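Trainee: Can you keep this structure in mind? I'll have questions shortly.
The values are calculated or read from the model by the stated rules, or taken from the named source; none is laboratory data. Quick caveat: nothing in here was measured; it's all calculated off a predicted structure. In this analysis, Cβ positions are derived from the backbone assuming ideal geometry, glycine residues included, and neighbour counts consider all displayed protein chains. Heavy atoms of the whole protein, side chains included, go into the accessibility calculation; ligands, DNA and RNA do not. Shrake-Rupley method; radii C 1.70, N 1.55, O 1.52, S 1.80 Å.
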Amino acid sequence: MRSPTVLFAATAAFFPVYAFQLPFKLPFFSSGSQAPLELEAPQVPESVAPNRIAIIGAGAGGSSAAFWIAKAKERYGLDVEIDVYDKNAYIGGRSTTVFPYEDESLEPVELGASIFVKVNKNLWRAVDEFGLERVNFLDDDTEVMGIWDGHQFVLTTGGSSILSNWFDKIKILWRYGYKAPTKTQALVKDMVDRFLTLYSPNAPQWSNISSVVSSLAWEQVTAETAAEYFDLQGIDRRWTRELVEAATRVNYGQNVDKIHALEGLCSLAATGASSVKGGNFQIFEHFIAHSNASVYLNTTVNAISHYHSSGPWLVKSSAFDQPRLYRSVILAAPFHQTKINFKAASLAPVPQQPYVRLHVTLLSTSSPTPNATYFNLGHGAKAPTTLLTTYEGVRVRGGAEPEFNSLTYHGPLRGKDGALRTNAFGEQEWVVKIFSKQRIEDVWLQQMFEGNVGWVLRKEWDAYPVLPPTTEFPPVKLAEGLYYVNAFEPLISTMETETIAARNVVDLLLKEQFNAGLCKTQGEDTAESTNATQSERSDFVLGWDC
């Protein structure tokens, strides 16, 4: 989802750039869109467990798991097959694009996961390795951001005036004091520094999420709400319940008195955002392509069974008439949402994980700004084009909360050649994305954009997990040979952390099931491990460089 980079543009003096946020038979690279794959004829199952791994889910976690296994195959010379299953007709999971007016000559728009940043080292490295083009998610210098509480704007920043930046700083310091931005900067930097150790040669490895929490000293930030944590740090309450909450609502659809502090800090670490030209899903397609995995899209996995400890796992799906046998299985999708019937002698219990049901409304409009009268602005005033929200108005005054989590203009409608496109009346149009808890009706859109609405697309989905304070997490290992990537989601839920969780799961699986690993240790015969300076490189990324 789009992170509110403009939210912190006004506090740039306080915040430096720290941030988060087939067989190879895929004929989709030339099409520029996510396409289904024709399936191979099924093979007759072997009578013993083959050297084959099943991955359920082809999003960030599943596609990167296939990629990490392929890396290990190269380093260890492993003879192992990879099958990837997904219920969707495309690779990418919650990272997918749509075309305005269903016109594929136009620039696609991200429907789901929109951005990543330079400290997202796996995604950043993948873009470079795969020759993809990054697009800086820079905000227009003239763009105005407002934080709306349902009744009034508690803060606006930006504008075309040369003095706007100075006025913004004065407003922020006047309202929140000096400590709020500077202390927050220090807290975010500390969190990011700890996060970056996950890419180092000495990165922690974990068989349960609590151990990685302990390794990174994140016990407090996962056990307290963002509101509690920031209050205990002596930070102005309005800062937390206005600016910080604007970030948690746009990123995770949750308020600061509900979401745990670690994810609150992650929401603030969003400077320097980028995306892939044409869609972030291309990263995950390339992960799959480079893994040489067999991919079964539009496929329902009905059951996963394991009848004795030394026997194979059986995966029953719509792809084959008979169950297919595997040595190990990686689940890279939310456990309960898959509705898979698991049958195993000793299956670790997975607690129910609720998700935020998000309504995404994409549209094009010839109105350069939203309707100012909706926001009780005076005659001739212009409403901000980046609208974030806070629940604080409800806490203070009662009444209804804002009708949306965020409303953001994403630039003019353009063709893939970069040329501006106009509508049937010769008018320029802008692409707008709205996140909300409820469906945004056509009448509301007509009011907000003064009748100037062209294309509209709505999507309702479970966008991210509900993330309350917790000290308990799902198991990473569900049974012998069965591993769960999404166990990491209640800790941090991003595209990047799915690739990190997948890396850890693959390493654990290979060590336990194949007496190997993702990276060779010192002393083993490999050019990567014998290069003494490799791990000292500033751009070292665990898994890529070993």
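Trainee: When the residues of the stretch 126-144 are narrowed to those that are more than 18 Å from Ala289 (Cα to Cα) and in contact with a Lys or Arg (Cβ under 9 Å, 6 or more places away or on another chain), which ends up modelled with the highest pLDDT?
Mentor: Arg134
Trainee: When you look at Val256, is it assigned to a helix (DSSP H, G or I), open to solvent by less than 30 Å² (accessible area, probe 1.4 Å), on the phi < 0 side of the Ramachandran plot and of a type in the set (Val, Ile, Thr), yes or no?
Mentor: no
Trainee: Could I ask something else about it? When the stretch 466-501 is examined, which residues are found to be touching a Ser or Thr at 6+ places or on another chain (Cβ under 7 Å), closer than 11 Å to Ile209 by Cα and part of a strand (DSSP E or B)?
Mentor: Selection gives Lys477 alone.
Trainee: Right, another one. From the list Thr225, Thr240, Thr184, which residue is touching a Leu at 6+ places or on another chain (Cβ under 9 Å) and among the polar types (S, T, N, Q)?
Mentor: The conditions single out Thr184.
Trainee: Can you run down the residue pairs with Cβ atoms below 9 Å, 6 or more apart or on separate chains, where the first is in the stretch 329-341 and within 19 Å of Phe473 (Cα to Cα) and the partner is hydroxyl-bearing (Ser, Thr, Tyr) and open to solvent by 20 Å² or more (accessible area, probe 1.4 Å)?
Mentor: If the second residue must be hydroxyl-bearing (Ser, Thr, Tyr) and open to solvent by 20 Å² or more (accessible area, probe 1.4 Å), the pairs left are Leu331/Thr338; Pro334/Tyr355; Gln337/Tyr355.
Trainee: Looking at the stretch 368-390, which of its residues are surrounded by 21 or more Cβ atoms within 10 Å (Cβ to Cβ) and assigned to a loop (DSSP other than H, G, I, E, B)?
Mentor: Going residue by residue through the stretch 368-390, those that are surrounded by 21 or more Cβ atoms within 10 Å (Cβ to Cβ) are 370, 383-390.
Result: Pro370, Ala383, Pro384, Thr385, Thr390.
Trainee: At least 1 residues that are farther than 30 Å from Gly399 by Cα in each: list the strands (runs of 3 or more DSSP E) lying fully within the stretch 89-208 that qualify.
Mentor: Correct list: 134-136.
Trainee: Going through the stretch 207-221 one residue at a time, which ones are crowded, with 20+ Cβ neighbours inside 10 Å and not hydrophobic (A, V, I, L, M, F, W, C)?
Mentor: Once the filter is applied, which keeps residues that are crowded, with 20+ Cβ neighbours inside 10 Å and not hydrophobic (A, V, I, L, M, F, W, C), the stretch 207-221 yields nothing.
Trainee: Tell me which residues, restricted to the stretch 381-409, are under 8 Å from Gly150 (Cβ atoms), touching a Ser or Thr at 6+ places or on another chain (Cβ under 8 Å) and among the β-branched types (Val, Ile, Thr).
Mentor: The answer is Thr389, and nothing else.
Trainee: Still on this structure: Can you run down the residue pairs with Cβ atoms below 6 Å, 6 or more apart or on separate chains, where the first is in the stretch 289-313 and over 24 Å from Ala72 (Cα atoms) and the partner is open to solvent by 100 Å² or more (accessible area, probe 1.4 Å) and modelled with pLDDT of 95 or more?
Mentor: Every condition considered, the pairs that remain are Thr300/Lys87.
Trainee: Just one of Arg249, Arg241 is in contact with a helix residue (DSSP H, G or I) (Cβ under 7 Å, 6 or more places away or on another chain) and assigned to a helix (DSSP H, G or I); which is it? Spell out the reasoning first.
Mentor: Numbers: Arg249 fails: in contact with a helix residue (DSSP H, G or I) (Cβ under 7 Å, 6 or more places away or on another chain).
Result: Arg241 is the single residue among Arg249, Arg241 that is in contact with a helix residue (DSSP H, G or I) (Cβ under 7 Å, 6 or more places away or on another chain) and assigned to a helix (DSSP H, G or I).
Trainee: Also: Considering only residues that are open to solvent by 10 Å² or more (accessible area, probe 1.4 Å) and in contact with a helix residue (DSSP H, G or I) (Cβ under 6 Å, 6 or more places away or on another chain), which ones fall in the stretch 222-232?
Mentor: Within the stretch 222-232, the subset open to solvent by 10 Å² or more (accessible area, probe 1.4 Å) is 223-225, 228-229, 231-232.
Residues satisfying the conditions are Glu224, Tyr229.
Trainee: In addition: Among the residues that make up the stretch 389-410, is at least one of them among the polar types (S, T, N, Q) and either at pLDDT below 95 or closer than 30 Å to Lys316 by Cα (or both)?
Mentor: Looking through the stretch 389-410, none of the residues is among the polar types (S, T, N, Q) and either at pLDDT below 95 or closer than 30 Å to Lys316 by Cα (or both).
Trainee: Within the bounds of the stretch 121-128, is there any residue that is touching a strand residue (DSSP E or B) at 6+ places or on another chain (Cβ under 8 Å), open to solvent by 20 Å² or more (accessible area, probe 1.4 Å) and closer than 25 Å to Thr408 by Cβ?
Mentor: Here is the first cut: in the stretch 121-128, the residues touching a strand residue (DSSP E or B) at 6+ places or on another chain (Cβ under 8 Å) are 123-124, 127.
Now narrow it down to the ones that are open to solvent by 20 Å² or more (accessible area, probe 1.4 Å): 124.
Within this subset, residues satisfying the condition of being closer than 25 Å to Thr408 by Cβ are 124.
Yes: the stretch 121-128 contains one or more residues that are touching a strand residue (DSSP E or B) at 6+ places or on another chain (Cβ under 8 Å), open to solvent by 20 Å² or more (accessible area, probe 1.4 Å) and closer than 25 Å to Thr408 by Cβ.
Trainee: Testing Arg241 on (1) within 20 Å of the chain's Cα centre (by Cα); (2) open to solvent by 10 Å² or more (accessible area, probe 1.4 Å), one condition comes back false. Which one is that?
Mentor: Of (1) within 20 Å of the chain's Cα centre (by Cα); (2) open to solvent by 10 Å² or more (accessible area, probe 1.4 Å), only one is false for Arg241: (1).
Trainee: Then there is this: Would you check which residues across the stretch 302-318 are assigned to a strand (DSSP E or B) and either open to solvent by less than 10 Å² (accessible area, probe 1.4 Å) or not hydrophobic (A, V, I, L, M, F, W, C) (or both) and list them?
Mentor: Asn302, Ile304, Ser305, His306, Trp313, Val315, Lys316, Ser317
Trainee: Same structure again: Restricting to the stretch 420-452, give me the number of residues that are closer than 27 Å to Ala273 by Cβ and surrounded by 12 or more Cβ atoms within 10 Å (Cβ to Cβ).
Mentor: So the answer is 15.
Trainee: Also, quick follow-up: I'm told Arg94 meets every condition in (1) open to solvent by less than 50 Å² (accessible area, probe 1.4 Å); (2) closer than 29 Å to Glu460 by Cα except one. Can you identify the failing condition by its number?
Mentor: (1)
Trainee: Still on this structure, please answer the following. Go through the stretch 321-347 and give me each residue that's assigned to a loop (DSSP other than H, G, I, E, B) and either touching a Ser or Thr at 6+ places or on another chain (Cβ under 9 Å) or over 18 Å from Val48 (Cβ atoms) (or both). Spell out the reasoning first.
Mentor: Residues of the stretch 321-347 that are assigned to a loop (DSSP other than H, G, I, E, B), as a first pass: 321-323, 327, 332-334, 339-340, 345-347.
Matches in the stretch 321-347: Asp321, Pro323, Ala332, Ala333, Pro334, Lys339, Ile340, Ala345, Ser346, Leu347.
Trainee: Next question. Could you give every pair whose Cβ atoms fall below 6 Å, whose first residue belongs to the stretch 267-281 and is part of a strand (DSSP E or B), and whose second residue is at pLDDT 90 or above and surrounded by 24 or more Cβ atoms within 10 Å (Cβ to Cβ), counting only separations of at least 6 or pairs across chains?
Mentor: Val276/Gln282
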